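Down below is the structure, laid out as structure tokens.
No value in this document is a laboratory result; all are computed from the given coordinates. Note that the structure is a prediction, hence the values are computed from the model and not measured. In this analysis, Cβ positions are derived from the backbone assuming ideal geometry, glycine residues included, and neighbour counts consider all displayed protein chains.
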Amino acid sequence: MTTFEEAREGRGVDWRRIARRQGWTVGVWLLLLGTIVFYATLIPNFGDFQITSIAKNSLPLVYLAVAQAIIVIAGGIDLAVGAMLVLSNAVAARLMEGQPFAMTIVIAIGVIVFCALLNAGVGWVITVSKVPDIVVTLATLFIISGLALMVLPSPGGGTSEWFRALFTGSTTGSGSNFWPPLLMMAIPVAIAALFMRRTKTGLSLYATGSSPVAAYLSAINTARAKVVSYAIGGAYAALGGLSALAITGSGESRFSTGSNFTLRSVAAVVLGGVALTGGIGSVVGAAAAGIFLYTLSPVLSAMGVDPNTAQVIQGVLIVVVMMVAGIVQLRRERAE
Amino acid sequence: MTSDLGTRLSAGAEDRPNWSSWLADHPLAVLSVVLVALVLVTAVIEPRYLSVGGLRNTVLLAAPLGIMAGAQTILMLTGGIDLSVGMIATAAAYVAANQSPNGAAIAIVTGLLVGLVAGSVNGIGVGVFKVNALIMTLAMSAILLGLFTALSFTVLQGSTTVAPFIKTLGGGSFWGNRIPYNALVWAGVSLVIIFGLKRTGFGRLLYAVGDNPIAVRLAGVRIWQVHIAAYAIAGLLAALAGILLAGRTGAVDLQLAVSFLLPSVAAAVIGGTSIFGGMGTYGGTILGALILGVLATMMTFLDAGQAIQQVVYGSIVLALAWLYARVTRAS
């Protein structure tokens, strides 16, 4: 009996370990929860409509944060994820216009595969050329934005009504049915999280990002890991473009949209606890940070802050959060 | 067939190690060749380009970019990066336009002051609070954009043109319309940066911080001070570039220098500055800025539409970075 008790003891939940390893992710989720609760008290009636609005409008950034997180965890950084989102948005809007629902789904899958392959090519170029990720993707940012502009020179295109409902919960893109957007958020994020934590390939991405040399010496194909991370990143960026198409109902390919989205994805990833040096952090944390970054704007506008001041406050908030994190990290290092 | 070619190529490299190692030791020679080649290609596309006026226009385009890329080079040497140079330049141009009625001198000084303050705040964030440089400067960019959009409706309303002296400095030329004044400013800035990086203790410290921060800290250097100084200088250079740009375009708006951000990074990268710190020269960055300037001129001559321009621009940046990596790894 004692052995059984001991075994139970040994398997018991080690809260300290969890706090140390998952503290940041939990913190970001609490921050997000606090922000939403604050938002709920701020406006007179907080209901299904607001939940739907937050869920669907944060979708593109959440997908992009997941894409960036996977690439960063594997030791890279992709400055072109935003451009990839715009490309997927443009291609899908061009092809889906006037098509029935079943066809739009086929096109959506095609676009996701296309973007994954394209970004796998980017990852391949990085491994072959040995040029740093940030430089290669800076160049592909221009190339991919140019391609998007070729596909869709002026805003337009369209999609099917039910494709919009898939991401927004309503065939018109605005409604109070929050289940579709929530599920469309939760399922891809959960798949990415499980892939990263529970599969051999996912763990090889962590290993490669953590220490490429050690990973290589442990018989991990680091070049393959890099290509895989970029391919998955491309797929999630494509998903972001599709969700943006579902939200607005038409496509647009502006260079500034792509670069802004990229910058926000990097902010989300860092805020979500993923270290830009690679190998550390979780997809779930990055996703929470993505929702948080979106949620700030309705909160600030509900507080009566004008959009320009809101932008200043957002910037200051991000810096303050990172400063606090930096100080916490510093104190922890000193304590150890 | 391909592997056959590959072995022959590598055998060729072994046959003439002098040639390939000379190139590896003198990457700037490769860049110069690329620059000349691009100028010649542009001349083929548009024969009138190969004249004093045509080349002058390229330098006029490249000077603000080169100065902004100087800010980027200094920070990349320390292992940092500044994604707020575009907004700092725009902000400085706005303030300079606002102060222009008080005289060009006051306008320039207040404009530069904006850059100094914004850069110092970046430096404090990165150096003291250890905020990641990408995030710190990104947030600074967002803060400045919000701030100056709001201010452009109130205090800065109507501040859209700069003093005549700044216009001459940014867009005018001397010696029979041959040499732009902004090239003169760029030359002065270049001399200071090149001398500063090579010959001063602070310059060597920038390389050291990027190369091995732990060794530098153990040697007794207060790294946070180096960071603040480097970011402040970068802010100053960005502000200078913004003022010159406002002089060249003649009008100030919120989009003034935003499109210069990514080319400023690209110029430093093409010039061989390592994004991880500790390696690079400003001479390379100057060539990088000139190459991008020629490329921009070529695009306008081709009149190819924005989409194709972006694809070609990105492809050439990628090809140059790849070429540079290959050449320098030959040793």
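Which residues among region B:127-166 fall inside the zone where the amide N is under 20 Å from a point 7 Å beyond the Cα of A:M303, along Cα→Cβ?
B:139-151
What distance in nm separates the two pseudo spin-label positions at B:T168 and A:I280, each 7 Å out from Cα along the beta-carbon direction?
Once both label points are built, they end up 5.5 nm from each other.
What's the percent breakdown of Cα-Cα distances in region A:47-331 across 5 Å bins, shortest bin first?
1, 6, 12, 17, 18, 17, 13, 9, 4, 2, 0, 0
Contour minus end-to-end for B:R199 and B:L218, with contour as 0.36 nm per residue of separation and end-to-end as the Cα-Cα distance?
So the chain would gain 4.6 nm between B:R199 and B:L218.
Please report the net charge: other residues with Cβ closer than 15 Å to the Cβ of B:W186, K and R +1, D and E -1.
Spelling it out: positives minus negatives among the neighbours equals +2.
Starting with the fewest neighbours, write out A:Y294, B:Y231, A:Y216 ranked by other beta-carbon atoms found within 10 Å of each beta-carbon.
Placing the least packed residue first, the sequence is A:Y216, A:Y294, B:Y231.
For the protein assembly as shown, just say rounded, prolate or oblate: build the C-alpha gyration tensor, square-root its eigenvalues into a ≥ b ≥ c, call rounded for a/c under 1.5, and beyond that prolate if a/b exceeds b/c, oblate if not.
In terms of gyration-tensor shape, rounded.
Which residues among region B:67-105 fall inside the zone where the amide N is under 20 Å from a point 7 Å beyond the Cα of B:L113, along Cα→Cβ?
It comes to B:88-105, nothing else.
Please give the net charge around A:T172, taking every other residue with its beta carbon less than 11 angstrom from that of A:T172, where Lys and Arg add +1 and Asp and Glu add -1.
Around A:T172, the charge tally is 0.
If the elastic network links every pair of Cα atoms under 10 Å, which of A:A193, A:A65, A:A80 fluctuates the most in the Gaussian network model of chain A?
Per the Cα network of chain A with a 10 Å cutoff, A:A193 tops the list.
Give me B:S100, A:S53, A:S154 sorted ascending by neighbouring Cβ count inside 10 Å, so fewest comes first.
Least to most surrounded, the residues fall as A:S154, A:S53, B:S100.
Any idea how far apart B:A251 and A:I327 come out in nm if each label point goes 7 Å out from Cα toward Cβ?
4.6
Using only the Cα atoms of region B:65-260, build the gyration tensor, take square roots of its eigenvalues as a ≥ b ≥ c, and label the shape rounded, prolate or oblate: rounded if a/c is under 1.5, else prolate if a/b is larger than b/c, else oblate.
Verdict is oblate for region B:65-260.
Mind sorting B:L261, A:L64 by how few other Cβ atoms lie within 10 Å of their own Cβ, fewest first?
B:L261, A:L64
Once you order the gyration tensor axes a ≥ b ≥ c over the Cα atoms, which shape class does chain B get: rounded for a/c under 1.5, otherwise prolate or oblate by comparing a/b with b/c?
Values: a/c = 1.97, a/b = 1.24, b/c = 1.59.
Oblate shape, in that a/c is at least 1.5 and b/c is the bigger or equal ratio.
With respect to the cross-link table entries A:K130/A:K200; B:K130/B:K198; A:K56/A:K200; B:K130/B:K167, which display a Cα-Cα separation exceeding 30 Å? Let's see the in-between values first.
Values: A:K130/A:K200 25 Å; B:K130/B:K198 27 Å; A:K56/A:K200 32 Å; B:K130/B:K167 39 Å.
Where the Cα-Cα span goes over 30 Å, the pairs concerned are A:K56/A:K200; B:K130/B:K167.
Nearest 0.05, what FRET efficiency do A:I191 and B:S315 give at R0 = 35 Å with Cβ-Cβ as r?
0.55
What does the charge count near B:T58 come to, summing +1 for each Lys or Arg and -1 for each Asp or Glu among other residues with Cβ under 14 Å from its Cβ?
After counting each charged neighbour, the total is +3.
Of the residues A:T208, A:T309, A:T35, which exhibits the maximal mean-square fluctuation in a Gaussian network model of chain A defined by a 10 Å Cα contact cut-off?
Per the Cα network of chain A with a 10 Å cutoff, A:T309 tops the list.
Contact order normalised by length for region A:47-331, with contacts defined as Cα pairs under 8 Å and 6 or more residues apart; what percent is it?
About 36 percent, as a whole number.
Multiply the residue gap between A:T201 and A:I43 by 0.36 nm, knock off their C-alpha separation, and tell me the result in nm, one decimal place.
Length difference between fully extended and current span is 52.4 nm.
Would you mind calculating the gained length between B:V36 and B:W22 on full extension (0.36 nm times residue separation, minus the Cα-Cα distance), in nm to one decimal?
Fully extending the segment from B:V36 to B:W22 adds 3.1 nm.
Using a Gaussian network model of chain A with C-alpha springs under 10 Å, which one of A:A139, A:A267, A:A120 is most mobile by mean-square fluctuation?
Most flexible of the set in this elastic network: A:A139.
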